[in-house]
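K.L.:
Got a structure for you, written out below as structure tokens; questions coming shortly.
The values are calculated or read from the model by the stated rules, or taken from the named source; none is laboratory data. Computed from a predicted model, the values in this text were never measured in an experiment. Quick reminder, even Gly has a Cβ in these numbers, built from the backbone with ideal geometry, and neighbours come from all protein chains shown.
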Amino acid sequence: MITYCGQETHYSSFNTILQIMADVIDLGKMLFYQSIDLPKHGLMKGCWDHRPSMDVYLGGTNFKNTTALDVGPASGFWSFEMERRGATVTALELGPNDHWDAVPHQGKPTTELGKQLALNVERTKNAFIFSRESLKSKVNLVYGTVYNVDKVIPEIDIALMGNVLQHFRDPFLAIETVSKVVTKRIIISETLWMGDQQFLAQAALRLIPRAEYPEVNHSWWQASPPLIGEILKILGYVNLKCEYHEQLFIHSATDNAERQVKHFTYSADKPN
């Protein structure tokens, strides 16, 4: 009997045990950003657990017989969920030659910081590939940045931008560029880290990094829900819907307080 991922299991051959040990070693090279249930491996705990509140995060969208894009998939939970719901899915992730929009604290070049952030991207990509193989998924992983998505992705029906806007230096350009490949619907879900009601009631961006906190180096903006609505209307979308919901935060490298965190999801359609 051996304990693997918290479960006691019987194995009949030494080769099987060696394979399980190899899997455990590989897990050390992975970062599961989102919790996910995987065949033969069970629950892989991530920084977030979206499983109890999936429908509202996805804006109640019907994915059956569609093509979908997951912008910044991290470990791939939403890519695989959209596929499970009937979509042919492409996931866009930073490649080895692409750079994170890192914050240039003290005006210094972000080269070294970018390398550190790239290691996290590599670990989440490893988790993505591990999950794809475990699920026998056909999700296509494409490398590029949100600012050149229209150069690397063909037209798709639906695009999901899930908890990624805060990481872009230019969120308007990010939405605009993704919109160029969307033919039917866009879904934008974001965490609401700030509860200032005056801010949340107006179309605004609030800067996240501060000079006195150089460790905040990978996030730029908190976007208010009205701002996302205005951007989508400017870009010509119709049937806008905004819903508020909570998602379960498990942990991060600097925050181990498990709790429900408020989010909003905007869904909108391209006019016929």
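K.L.:
Looking only at the range 130-146, how many residues end up being surrounded by fewer than 18 Cβ atoms within 10 Å (Cβ to Cβ) and out of contact with any helix residue (DSSP H, G or I) (no Cβ under 6 Å at 6 or more places or on another chain)?
P.N.:
The number of residues fulfilling the criteria is 6.
K.L.:
Another question, if that's okay. Find the residue count for the range 72-88, including only residues that are surrounded by fewer than 24 Cβ atoms within 10 Å (Cβ to Cβ) and either over 8 Å from the mean Cα position of the chain (by Cα) or not small (Gly, Ala, Ser) (or both).
P.N.:
Total satisfying the criteria: 6.
K.L.:
A further question on this structure: Being within 24 Å of residue 242 (Cα to Cα) and assigned to a loop (DSSP other than H, G, I, E, B) is the requirement here; does residue 60 meet it?
P.N.:
Here the answer is yes, as residue 60 does meet what is asked.
K.L.:
Do you know which residues across the range 133-163 are over 18 Å from residue 223 (Cβ atoms) and in a helix (DSSP H, G or I)?
P.N.:
133, 134, 135, 148, 149, 150, 151, 152
K.L.:
Output the qualifying pairs, or none if there are none: Cβ atoms under 7 angstrom, residues six or more apart or on different chains, first residue in the range 123-139 and hydrophobic (A, V, I, L, M, F, W, C), second residue part of a helix (DSSP H, G or I) and surrounded by fewer than 18 Cβ atoms within 10 Å (Cβ to Cβ).
P.N.:
130/26
K.L.:
Can you tell me which residue within the range 171-200, out of those that are in a loop (DSSP other than H, G, I, E, B) and in contact with a strand residue (DSSP E or B) (Cβ under 9 Å, 6 or more places away or on another chain), is surrounded by the fewest Cβ atoms within 10 Å (Cβ to Cβ)?
P.N.:
So the residue we want is 195.
K.L.:
Counting only residues that are of a type in the set (A, V, I, L, M) and over 21 Å from residue 31 (Cα atoms), which one in the range 83-115 is modelled with the lowest pLDDT?
P.N.:
Checked the range 83-115; the qualifying residue modelled with the lowest pLDDT is 103.
K.L.:
If you don't mind, there's one more thing I want to ask. In the set 214, 209, which member is touching a helix residue (DSSP H, G or I) at 6+ places or on another chain (Cβ under 6 Å), over 23 Å from residue 152 (Cβ atoms) and modelled with pLDDT under 95?
P.N.:
Every option except 214 fails the conditions.
K.L.:
Tell me yes or no: at least one residue of the range 63-85 is in the same structural domain as residue 157 (by TED's automatic domain parsing) and without any contact (Cβ under 8 Å) to a residue 12 or more places away in the chain.
P.N.:
So far as the range 63-85 goes, yes, one or more of its residues are in the same structural domain as residue 157 (by TED's automatic domain parsing) and without any contact (Cβ under 8 Å) to a residue 12 or more places away in the chain.
K.L.:
Related question: Can you tell me which residues in the range 140-171 are among the basic types (Lys, Arg) and either touching a Phe, Trp or Tyr at 6+ places or on another chain (Cβ under 8 Å) or in contact (Cβ under 8 Å) with a residue 24 or more places away in the chain (or both)?
P.N.:
169
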